[in-house]
Each structure stands twice: as C-alpha cells, then as structure tokens.
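Please read the structure below before turning to the comments.
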Amino acid sequence: MKTVHYLSVLLAATLSFFCTSIHPASPSHLQVYETYAPAKTARSYITPLLKDGETISLFRGKIIINASAHTHSNILKLLDKIDRRAQELLIYFRPTKTDSNPSNAINKNDTHKQALSIARFSGSSTDGKITVNKQNHSIDTRLSVKEEKITLLEGKIGYLRGTNEKYKNKPVYANGFFINKATLEKNGSGHYVSARINGEVTVLHFSKNDPKTIKNSHSPNIIPSSTKELITTLGTWTLIPSINGQPSNQEILIQLAP
C-alpha cells in the first residue's frame, strides 16, 4: 500500500474548508491514499470503516478521506493486509509425459502406436564376406517434452498454447507496409489463465474462452465456457484440470519472475 500525504495547496485547502464547515466539531483530518488496487475497488473496502460524518472521495486515482485518527489507523491496517503490488510470474507449461486418457493407451499389437525405435548397425568385411550386428534402441516419444513459458502479471489474463496449435506467418499492415508476423492459430486446445500468489500458494483460474471477450461481447454466438480453479505451490509441476470434459494433456509450473 502506498500512502501519499500531499495534494496541491488549493485542493487541500478547499476540501479542508468544505469538510470543516460541515462538521466543525469533528476531530478529523484529511488523509490522501494512493493504492496499488484501483481507487474504486479500494473505496469499496474502506467505506465500511467510516463513521458518521466521515467522508471519502476520489480524485485522479487517489482516495481522499476526512476522518478521525482512529479511523485512519484502521484504514492503514486494512490496506497493509489487502493492498500490495501485483507480482510478475513466470508460468511454464508443457505436454504431460504420460497420457492420462486410458482410451489413448498404446496397444502392443498396433505397430503404428508403439514407441519408435532406431536400428544401429556395425560389422566387418573379411574375404568379401560381410558380418552385420544389429541392435535396436527404443525411442520413447513421451520423453520429448518441450517446455514453454509466458510472463504474466497477477490478476491479468494470459494464454497457454495448446499442444497442437501452431504459429503461421500472416501479413500485417504496419507503418505503410505489409510485414509477415508469426500469429498463433488457436483451435480450442489452449487455455486462458490468470493467477494470484499468497505466500507459496498459487491460485489459478483456467478457461477455454477469453474472459475479457465474453464480458465485453453481447453476441449470442459466444457461449461462456466453465472455468476451473487450481491451487498449487510455487515450483511444482501440476496437471491442468479438465474443462468441459476435455483432458488438458498439459502440466504447469509457477515461479516468481526475477
């Protein structure tokens, strides 16, 4: 929580005179607060602490309160608990190493679904005769797991690319020219995610649709998908929960950005 004890002389004098003229006997004083949270949001938490005759107003993102010293003390205690700078997070994600869907289990009789293998040959030639020794080495395709990451500020919405979503170059008009820009083609396999940190505990919310698009759209064609909450700890790989019955086949890890 950031506290500011100044305003322009004209504003402070005007507000002080106004408040004093209404409550001349009130042992109160002006305090100006600047919070990390939006002033409108912080005001909703502070207002219940005010007593009769005490006032609160907003001015250019700051909160101006005329109240007793006791009320100001309670406000400071509240803001110290709930108001802090949003932290920047590193979110790592990757395909799961094992397929959790039993229907996709490998059938030993199906050669197309078995793990790939590579043959290594060695041998020698004596009197025109060739002797070849063959050794098979299995390649477990499940171990070929590529990690990706995004940087996300607490409370903001990020996007985790789906396991089969690709980037394609598309022409974009900028500064009078068309340039090719790598654009992610989404097919619904990815996840929109937001996160909050409380000590070592991380609370994440996942959705298949962009929550901002749903909130700002009045189109009947956009159907809000269900969201899922996941509680995990920093530095721990955790499976992304299934949404709308669709397995994610991805796992996630959260760290604080340096």
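Each reported figure results from applying straightforward, stated rules to the coordinates on display, with no laboratory input. Note that the structure is a prediction, hence the values are computed from the model and not measured. Every residue, glycine among them, receives a Cβ derived from its backbone with ideal geometry; neighbour counts consider all protein chains shown.
List of remarks:
- Working from label points 7 Å from Cα in the Cα-to-Cβ sense, the SER226 to ASN164 distance is 2.3 nm.
- Label point distance in nm, SER242-LYS62, each placed 7 Å from Cα along Cα→Cβ: 5.5
- Surrounding net charge for ALA182, when Lys and Arg each add one and Asp and Glu each subtract one, Cβ distance under 9 Å: +3
- Across the range 37-42, coupling constants 3J(HN,Hα) worked out from phi with the 6.51/-1.76/1.60 Karplus curve, θ = phi - 60°, read 6, x, 4, 5, 5, 4 Hz, and Gly and Pro carry x.
- Computed from the C-beta positions of GLU88 and TYR173, the FRET efficiency with R₀ = 51 Å rounds to 0.95.
- Highest mean packing first, where packing is the average number of other Cβ atoms within 10 Å per residue, the peptides 152-160, 49-57, 190-198, 169-177 line up as 190-198, 152-160, 49-57, 169-177.
- The label-point distance for THR41 and ALA69, in a model that sets each label 7 Å from Cα toward Cβ, rounds to 3.3 nm.
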